[in-house]
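The block underneath contains the structure these notes are about, expressed in C-alpha cells.
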Amino acid sequence: MRTQLILSFASLLLLAACDGGPLPLEVEAHEATTPGNTDKIEVIVKTATGVDVTVDGKTENTGEVPNHTFLVPKSHLKLGQNMIAVGAFRKNLGSTSAATQNAKLDVGPIMVLHVQGADGAPNEGTFTCPGAMCAATAIPYAKSGKMALSVMSDIKAKLTIEGKSIDLAPGAKTPIDVDLIAKLGSTQVGQNEDAVFPLTLEADGAKLTENLSLRGNGMIEIAKGLLAKAASGPVLFPGEAASNDPPDEIVVLGAPSAPIIATGKGKTFADVDLIGLGTQSERKFPCPNGTILYIDLDVKVVNRRTGASVGQKTISADRTSCPPTPTTQPLKSVVREDDIKKVMADMFLKK
C-alpha cells in the first residue's frame, strides 16, 4: 500500500432537496489496483438505486446497484490535496432529491512517479528497486558511476534528484542521469544495503519530497573500483581539492574477510584520507594430518587526495592449530578484520 496515499472516507450525508426526501451519499477515493489502470484512481460512490451520479464531469446511473465506481485519470489531479466533487440526483414522480460530497485524496510523488532504468543504460551491475515508485525491480548502473534512469509521471511536474532537474510531461518517459560518484562522497563507509536518493516533485504550486531507495551492494562495488585508482594517482570527489592534512581515516581494499575495511574517525567516503591497497599472499604449514594455509595481507598505503605513497605493511594471519583428524583440504587461516584495523590505525593515523 503506498504510504503517501491518504484515503478519506466521507461521512454519510443526507441532504434533502425539494420534497423528494433524503438521498444518501457516501464516497471514498483511492488508487486503482485493477490491471491496466495504474494511471487512474477509483472513486467509489455509495448511494441509492436509480440515482444519476456525476464524478469528474462524467454522469452514470446506478441502476439497480446502489454502489458505483468511477475511474478518474491521475492526469486530472494535482500534486497535494485534491477535493473530488461527487454529485447525486434522482427524480421520482415529480419530486427530486440531490446530494453532494467531496472525496479527499492527497497525491504525492509515490502515487504519480514511475522509475526504471533508461533504455540502453549501461548494465555492469544492478540495484534492486523494491518501492512503490519502481516500474522495474532492477535498476542497472555502470561501474564508472553512472546510473541512467527513465522517469514517467502521471501529472505535469518538475523533478529534482541529486541536484539535477527535469520537466516531466504526463505519460511520457524522460531520461535523467544520476552521478553515483558524487553520491558516494556522502555515503557512509561500509554501507552496502540501501542507497537513498532524495527527490523533489513540484507542480501546481506544491512542492513535495520523497526518497527513492535502492538495495544492493552497488555503492560498495563502485567504491572499490574508484578507490583502487589511488594506486596510480589522486582520487577526488566532485568539488574536492588535494590536501595533506594529518590522516584520521583509512580504508583497506582486498582483505579476505571483507571487500572494504575502514577504521578511524571519518564517516563518509569523502572523509577517507588513506587507501590501503591489499594483496593477499599464501603460506603453507605442514601438519601430521594435513596442511594449514595461511593467507596474509600485504598492504600498500597511499594518500587518497594526492596519490603519494605513505608506507607498506604485511599483516600475518593468526596462528592456528593443526587439524586433529586427517584432511585432504588445507585448513585456512586468514587475517582478522580487527587486526587489520588496529595495525593500520596504529601505523598510519594521527593519534
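We did not get these values from a lab; they are worked out from the coordinates using the rules stated. These numbers were taken from a predicted model, which means no experiment stands behind them. Because the Cβ atoms are built from the backbone with ideal geometry, glycine has one as well, and the counts that use them run over all protein chains shown.
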Check your understanding: Between Rg and the Kirkwood Rh of the chain, both from Cα atoms, what is the Rg to Rh ratio?
Key -> 1.23
Practice item. Could you work out how far helix 337-348 tilts from the main Cα principal axis of the chain, as a 0 to 90 degree angle to the nearest 10? Key: 70 degrees
Check your understanding: In sequence order, what are the phi-derived ³J(HN,Hα) couplings for the stretch 311-327 according to the Karplus relation 6.51 cos²θ - 1.76 cosθ + 1.60 with θ = phi - 60°, rounded to whole Hz, with x for glycine and proline?
Key -> x, 8, 8, 9, 10, 8, 5, 5, 5, 9, 7, 5, x, x, 10, x, 9
Exercise for review: Can you tell me the alpha carbon radius of gyration of the stretch 68-147 divided by the globular rule-of-thumb value 2.2 N^0.38 Å?
Suggested key: 1.89
**Study point:** Other-chain or far-sequence residues with amide H under 5 Å of Ala308's (modelled H)
**Key:** Asn303
**Study point:** Rounded D (µm²/s) - the stretch 246-349, Kirkwood Rh over Cα pairs, Stokes-Einstein at 20 °C, 1.002 mPa s
**Key:** 146 µm²/s
**Study point:** Per-residue HN-Hα couplings for the stretch 158-166 [Karplus 6.51, -1.76, 1.60; θ = phi - 60°; Hz; x = Gly/Pro]
**Key:** 10, 10, 10, 9, 6, x, 10, 10, 9
Review point. Which angle from 0 to 90°, rounded to the nearest 10, does the C-alpha axis of helix 218-228 make with the longest principal axis of the chain?
Key: 30 degrees
**Study point:** Expected-Rg normalisation [2.2 N^0.38 Å, Cα atoms] applied to the stretch 280-337
**Key:** 1.53
Practice item. Quick one: plug the Kirkwood hydrodynamic radius of the stretch 136-195 (C-alpha pairs) into Stokes-Einstein at 25 °C, 0.890 mPa s, and report D in µm²/s. Key: 189 µm²/s
Exercise for review: Translational diffusion coefficient, Stokes-Einstein: compute it for the stretch 111-216 using the Kirkwood radius over C-alpha pairs as Rh, at 4 °C and 1.567 mPa s, and state it as an integer in µm² s⁻¹.
Suggested key: 92 µm²/s
Point to revise | Mean-position separation - Cα centroids, the stretch 282-334 and the stretch 123-158, in angstrom | key: 41 Å
Point to revise | Full-stretch length increase - Lys341, Gln81 - with 0.36 nm per residue and alpha-carbon distance subtracted | key: 88.4 nm
Review point. To the nearest 0.05, what FRET efficiency results for Lys224 and Ala172 with a Förster distance of 41 Å applied to their C-beta separation?
Key: 0.65
Study note, to complete from the structure: Listed by chain and number, the residues whose amide H is under 5 Å from that of Ala118, excluding neighbours fewer than 5 places away on the same chain and using placed H, are Ala148, Leu149, Ser150
